[in-house]
Amino acid sequence: MLEPAFLAATLKQAPSKWPLVLNIGAVEDIKGAKHIGAVSQDKNLKVLKSSLAALSKNTMVIIYCGCCPFTKCPNIKPAFLILKKMGFTNIKLLNLPVNLQTNWISKGYPLDKE
């Protein structure tokens, strides 16, 4: 798990220092995130795989959904399992236990279209 405050602080640095952040849900994009879409849909799961194919397996990859509480999210587990299956070793889940609105936006953390 990666705390939102840590990622928000990291995004204040030069973009070259940003980790790879993947939006695997259907909510707004965090600043600098690549929008994959809901990976509970096969077409988006394929986009996720192709987005990762050329990357080093030790690349830090941060995934988030933010559509609903973790316990009900249909996207986190498939994305995490694909990353593990592909051999990635530095996978982080952004800690958004309620949703993106509550755990990111309401705190004033940056979105992509700001």
Next on the checklist: With a cap of 10 neighbouring Cβ atoms within 10 Å, and only residues DSSP puts in a loop, list the trypsin sites (Lys or Arg not before Pro) found in region 1-47.
Outcome noted: Lys12
Checklist entry - With a ≥ b ≥ c the root eigenvalues of the C-alpha gyration tensor of region 54-109, is it rounded (a/c under 1.5), prolate (a/b larger than b/c) or oblate? => result oblate
Checklist entry - Distance in nm between label sites at Gln13 and Lys107, each 7 Å beyond Cα in the beta-carbon direction? => result 1.8
Item to check | From phi via Karplus (6.51, -1.76, 1.60), per-residue ³J(HN,Hα) for region 86-91 in Hz, x at Gly/Pro | outcome: 7, x, 6, 10, 10, 9
Item to check | Calculated mean projected area of the Cα convex hull in nm² (choose from [x] 6.5; [y] 11.6; [z] 8.4), label | outcome: [x]
Item to check | Spin-label pair Thr89/Met60, simplified geometry with 7 Å Cα→Cβ offset, distance in nm | outcome: 1.6
Next on the checklist: Taking the solvent-accessible surface of protein heavy atoms with a 1.4 Å probe, what is the per residue accessible area of the chain in Å²?
Outcome noted: 54
Checklist entry - Out of residues 5 or more away from Gly25 or on other chains, whose amide H comes under 5 Å of its own, with H placed 1.01 Å from N in the peptide plane? => result Ile36, Gly37
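The values are calculated or read from the model by the stated rules, or taken from the named source; none is laboratory data. Not measured: the values here are computed from a predicted model. Cβ atoms come from the backbone with ideal geometry, glycine included; neighbour counts cover every protein chain shown. Surface accessibility is based on the protein's heavy atoms, side chains included, excluding ligands, DNA and RNA. Shrake-Rupley method; radii C 1.70, N 1.55, O 1.52, S 1.80 Å.
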